[in-house]
Amino acid sequence: MPSALDSPTARTQRRRRSSSRACSPTIAAAPKPSRFLEYTRLAPNGSFAEESWGRLVELARASGDVALARSRARFYVDRFPNGASIDVARDLLAK
């Protein structure tokens, strides 16, 4: 006698559960600099401008592009001398 676990419905449900687990990301996607650049272009004095520039500095540093990171850090220090990412920016400029 077949069990309820072998029914077509049960097999379909197991297949759906296993395929959804296989497709779900385990690590969040890295933020894209283009999103922050777009925000700073559209709202240069917006509520999140300082945070966006800070993230741009951090992302440039993480990418290994030293010239870009230093350029963004210089701008950040000039524009946001008390910003949350000021230590990161100053560290880049000190090197």
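Just a few scattered comments:
- Conditions (1) modelled with pLDDT of 95 or more; (2) of a type outside the set (D, E, K, R); (3) not in a helix (DSSP H, G or I); number of the one not met by Pro25: (1)
- Selection of the range 28-47 for residues being aliphatic (A, V, I, L, M) and either surrounded by 10 or more Cβ atoms within 10 Å (Cβ to Cβ) or within 20 Å of Asn82 (Cβ to Cβ) (or both) yields Leu37, Ala43.
- Matching residues in the range 62-89 - criterion: being of a type outside the set (A, V, I, L, M), assigned to a helix (DSSP H, G or I) and modelled with pLDDT of 95 or more: Arg70, Ser71, Arg72, Arg74, Phe75, Tyr76, Asp78, Arg79, Asp87
- Of all residues making up the range 48-66, the number that are of a type in the set (D, E, K, R), surrounded by fewer than 19 Cβ atoms within 10 Å (Cβ to Cβ) and over 15 Å from Ala84 (Cα atoms): 1
- Filter pass, Leu59 being part of a helix (DSSP H, G or I), at pLDDT below 95 and aliphatic (A, V, I, L, M): yes
The values are calculated or read from the model by the stated rules, or taken from the named source; none is laboratory data. All of these numbers come straight from a predicted model, not from anything done at the bench. Note that we place each Cβ from the backbone using ideal geometry, even for glycine, and neighbour counts take in every protein chain shown.
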